[in-house]
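Report on one structure; see the data block that follows.
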Amino acid sequence: MDLGVLLLRLVIGALLVGHGTQKLFGWFGGSGLTGTAKFFEAVGFRPGRPNAIVAGLSECGAGLLIALGLLTPLGGAMAAGTLIVAGSVNAKKGLWATNGGYELPLVYAVIGACLAFIGPGAYSLDQALGLTSRWGVASGLVALVLAVVGSGGFLAVSRRRPA
């Protein structure tokens, strides 16, 4: 089981770092801050540049914490909250990615939330630092509440109708 959790953490963590660096630096075919800021403005996240920076840093930070298995509930909450916001962009298109829907952000958000509940497994910095005994249902619930409240607050403050 611990090897499975490690593999999950490494893959999801790396993908989240990749998503963040696409936004921040234009790596891996991304549009960088300028392109991401324009996209954010177009879908109503204003101001675009600061929101692009927050999104990129949140994805990179969540990915690093998840991959390392460090402060896992926090990393899970960051991933879930950020991807709830990302999913909101495509909510009107329905669930399935084949129709441009929110399927992929939902998968990432659920994985982040699940990791907040189950913890990082034995092969993690949390384990090495003796933190895993503190993670469980309570930390998972706190992470889930932070993700939902944080993403809802972000959407309420930054989402504006496109001009």
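For the reader, a short list of remarks on this structure follows.
- Residue in segment 56-75 that is crowded, with 22+ Cβ neighbours inside 10 Å, part of a helix (DSSP H, G or I) and of a type in the set (D, E, K, R) present: yes
- Qualifying residue in segment 139-158 (condition: surrounded by fewer than 12 Cβ atoms within 10 Å (Cβ to Cβ), at pLDDT 90 or above and not in a helix (DSSP H, G or I)): no
- So Phe28, is it hydrophobic (A, V, I, L, M, F, W, C), more than 27 Å from Gly69 (Cα to Cα) and at pLDDT 95 or above: no
- Being buried (at least 16 other Cβ atoms within 10 Å of the Cβ), touching a helix residue (DSSP H, G or I) at 6+ places or on another chain (Cβ under 6 Å), modelled with pLDDT of 95 or more and within 22 Å of Gly152 (Cβ to Cβ) holds for only one residue in Ala37, Ala52, and it is Ala52.
- The lone criterion from (1) crowded, with 18+ Cβ neighbours inside 10 Å; (2) under 19 Å from the mean Cα position of the chain (by Cα); (3) within 16 Å of Leu6 (Cα to Cα) left unmet by Ile118 is number (1).
- Yes/no for Arg46 being in contact (Cβ under 8 Å) with a residue 60 or more places away in the chain and farther than 18 Å from Val157 by Cβ: no
- First in segment 140-163 and over 24 Å from Leu71 (Cβ atoms), second anywhere and among the aliphatic types (A, V, I, L, M) and modelled with pLDDT of 90 or more, Cβ under 9 Å, 6 or more apart: Leu155/Ile84; Leu155/Val85; Ser158/Val54; Ser158/Val85; Arg159/Val43; Arg159/Val85; Pro162/Ala42; Pro162/Val43
- Residue tally, condition hydroxyl-bearing (Ser, Thr, Tyr) and either out of contact with any Ser or Thr (no Cβ under 7 Å at 6 or more places or on another chain) or under 20 Å from Arg134 (Cα atoms) (or both), over segment 55-82: 1
- Of the residues in segment 45-53, at least one is in contact with an Asp or Glu (Cβ under 7 Å, 6 or more places away or on another chain), assigned to a helix (DSSP H, G or I) and more than 30 Å from Leu3 (Cα to Cα).
- Residue in segment 93-105 that is over 14 Å from the mean Cα position of the chain (by Cα), surrounded by 17 or more Cβ atoms within 10 Å (Cβ to Cβ), more than 21 Å from Leu10 (Cβ to Cβ) and not charged (D, E, K, R) present: yes
- Number of positions in segment 1-24 that are of a type outside the set (Lys, Arg), without any contact (Cβ under 8 Å) to a residue 40 or more places away in the chain and touching a Leu at 6+ places or on another chain (Cβ under 8 Å): 1
- Some residue of segment 23-30 being in contact with a helix residue (DSSP H, G or I) (Cβ under 6 Å, 6 or more places away or on another chain), outside any helix (DSSP H, G or I), within 24 Å of Phe154 (Cα to Cα) and not aromatic (Phe, Trp, Tyr): yes
- Screening Ala77, Ala97 for residues that are touching a residue at least 40 places away in the same chain (Cβ under 8 Å), at negative phi and touching a Leu at 6+ places or on another chain (Cβ under 8 Å) leaves exactly one candidate, Ala77.
The values are calculated or read from the model by the stated rules, or taken from the named source; none is laboratory data. Remember, predicted model here, so these are calculated numbers, not experimental data. Virtual Cβ from ideal backbone geometry, glycine too; neighbours counted across all protein chains shown.
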